[in-house]
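Asker: Below: one structure in structure tokens.
Each value in this text was obtained by applying a stated rule to the coordinates, not by laboratory testing. As the structure is a prediction and not an experimental result, all values here were calculated from the model. In this analysis, Cβ positions are derived from the backbone assuming ideal geometry, glycine residues included, and neighbour counts consider all displayed protein chains.
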Amino acid sequence: MSYWTDAHCHLQDRFLSDKDASATTLVALARAYEAGVNRVVVVGTDAVTSNEALAITQLSAQVEIFATVGLHPHDALSDLAPIRDLARSQHARLVGIGETGLDYFYEHAPRAAQREAFAAQIALAHELDLALVIHARDAFDDLWSILRSEGVPTRTVIHCFTGTPAEANGCLELGCDISVSGVVTFKNADLVRDAVREVPLERLHVETDSPFLAPVPHRGRPNEPALVAVVGEFVAELRGVDVETIRIATAANTARLFRFPLS
């Protein structure tokens with residue numbers, strides 16, 4: 001059988017150095033495997049969570065775990081040096097830089113600081129030939145401008161896409177892939193659904209962004225990698241194709257994006 005890959009999750013909320021927390025993470029991963037998930041990418045958002053993402057990859061589980069390191073736009077005022085050090089560590093399970101990008105909806109950091117941190121992490125992805133994982137909210141014009149200025153890394157993804165069909169096309173034209181989360185199942189996400197119908201199958205990924213954004217009918221509970229299957233099944237119905245088509249394609253796309261072997 002083929003398996004799902006969760007292209008973006010934050011298992012750090014379940015993981016601490018103590019044995020009980022590690023066991024809780026393993027239980028979540030076991031549920032993921034039972035749901036047909038055999039790979040997850042754990043994403044860093046600052047120095048602490050990036051360190052934790054790399055640590056989580058060492059857990060023994062049936063699910064293969066990969067990691068990224070990065071500075072989220074909310075934390076753009078933080079020192080980027082620890083992220084650079086982690087990225088240059090040549091960790092065997094490090095597959096990307098991010099999540100980075102721009103968030104003008106919450107604007108927890110000044111826009112200028114977000115743009116500077118984003119540009120620096122694009123440069124780091126170029127330097128190390130790693131995938132770039134982008135967070136983009138209400139900021140596509142500036143996002144595209146910076147990507148054009150800095151050069152789009154060969155392997156780049158817009159995670160948890162929440163934009164319009166026109167914004168999806170703008171990202172695709174620059175060479176970015178599109179990753180879909182449980183948001184696509186939300187009642188008020190008509191424009192997201194319209195966009196997802198149009199994304200070429202070879203550029204599409206599915207993710208949970210767990211523990212956030214649990215898909216319908218699981219809203220109101222913490223999200224987890226097992227529920228990427230729910231997202232994928234919804235996308236299959238939305239696009240009018242069988243589930244296996246989405247499962248095989250998205251797993252292959254994410255393997256290509258992050259350069260891990262396709263199983």
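Asker: Treat the count of other C-beta atoms within 10 Å as a stand-in for reagent exposure and order Phe258, Phe118 from fewest to most.
Answerer: Phe258, Phe118
Asker: Given Val199, Cys160, Ala120, which one lies farthest toward the positive end of the charge dipole of the range 110-263, if we put +1 on the Cβ of every Lys and Arg and -1 on the Cβ of every Asp and Glu?
Answerer: Result: Cys160, furthest along the dipole toward the positive end.
Asker: May I pose another question? Tell me which of Asn38, Pro73, Leu143 sits at the most positive position along the dipole axis of the chain, charges placed on C-beta atoms (Lys, Arg +1; Asp, Glu -1).
Answerer: Going by the Cα projections, it comes out as Asn38.
Asker: While we're here: With r defined as the distance between the Cβ atoms of Ala92 and Ala23 and R0 fixed at 41 Å, what FRET efficiency is calculated, to the nearest 0.05?
Answerer: Details: r = 24 Å, r/R0 = 0.58.
Efficiency for this residue pair is about 0.95.
Asker: Continuing with the same structure: Where does each of Ser78, Ser181, Ser60, Ser89 land when they are ranked from fewest to most other beta-carbon atoms within 10 angstrom?
Answerer: By the 10 Å Cβ count, ascending: Ser60, Ser89, Ser78, Ser181.
Asker: With a Förster radius of 35 Å, plug the Cβ-Cβ distance of His218 and Ala113 into 1/(1 + (r/R0)^6) and report the FRET value to the nearest 0.05.
Answerer: Computed FRET efficiency for His218 and Ala113 comes out at 0.50.
Asker: Right, something else. Once you put a point 7 Å from the Cα of His126 and another 7 Å from the Cα of Tyr104, both along the Cβ direction, what distance in nm separates them?
Answerer: 2.3
Asker: For n ≥ 4 DSSP H runs only, could you compute -39500 (n - 2.57) per run for the chain, divide by its residues and tell me the 222 nm figure to the nearest 500?
Answerer: After summing the helix terms and dividing by residue count, I get -12500 deg cm²/dmol.
Asker: Between Thr245 and Leu59, take the C-beta separation as r, use R0 = 45 Å, and let me know the FRET efficiency to the nearest 0.05.
Answerer: Working: r = 31 Å, r/R0 = 0.69.
Step by step, r from the Cβ atoms, then E = 0.90.
Asker: Given 0.36 nm per residue, what is the gain on full extension from Asp194 to Asp85 after removing their alpha carbon distance, in nm? Present the calculation step by step, with values, prior to reporting the outcome.
Answerer: Working: separation 109, 0.36 × 109 = 39.24 nm, distance 4.01 nm.
So the chain would gain 35.2 nm between Asp194 and Asp85.
Asker: Oh, and also: Quick test of your reading: applying the under-4.7 Å Cβ rule, which cysteines of the chain are isolated?
Answerer: Cys9, Cys160
Asker: Looking at the square roots a ≥ b ≥ c of the eigenvalues of the Cα gyration tensor of the range 198-263, which shape do they give, rounded for a/c under 1.5, prolate if a/b is larger than b/c, or oblate?
Answerer: Cα axes put the range 198-263 in the oblate bin.
Asker: Taking θ = phi - 60°, what integer Hz values does the Karplus form 6.51 cos²θ - 1.76 cosθ + 1.60 yield along the range 32-41, in sequence order, with x for Gly and Pro?
Answerer: Here the 3J(HN,Hα) series is 4, 4, 4, 8, x, 9, 10, 8, 9, 10 Hz.
Asker: Please identify, among Phe105, Phe161, Phe186, the residue showing maximal mean-square fluctuation in a Gaussian network model of the chain using a 10 angstrom Cα cutoff.
Answerer: Among Phe105, Phe161, Phe186, the largest GNM mean-square fluctuation belongs to Phe105.
Asker: Continuing with the same structure: Measure of size requested: the Rg and Dmax of the chain, with Cα atoms as the atom set and Å as the unit; please supply both.
Answerer: 16.8, 47
Asker: Please arrange His8, His159, His218 by counting, for each residue, the other beta carbons lying within 10 Å of its beta carbon, fewest first.
Answerer: Listing His8, His159, His218 from fewest to most nearby Cβ atoms yields His218, His159, His8.
Asker: Pick from Asp85, Asp209, Asp129 the residue whose mean-square fluctuation is largest in a GNM of the chain, springs joining Cα atoms under 10 Å.
Answerer: The residue that fluctuates most here is Asp85.
Asker: For Ala252 paired with Leu77, estimate the spin-label separation in nm (one decimal), with each label point 7 Å from Cα along the Cα-to-Cβ line.
Answerer: Calculated label separation equals 4.7 nm.
Asker: Which residues' amide hydrogens lie under 5 Å from the amide hydrogen of Trp4, considering only partners 5 or more residues apart or on another chain, with H built in the peptide plane?
Answerer: For Trp4, whose amide H was placed from the backbone, the distant partners under 5 Å are Val37, Asn38.
Asker: Mind running the shape call on the range 107-178? Use the C-alpha gyration tensor, a ≥ b ≥ c as the square roots of the eigenvalues: rounded below 1.5 for a/c, prolate if a/b tops b/c, oblate otherwise.
Answerer: Here the range 107-178 falls in the oblate category.
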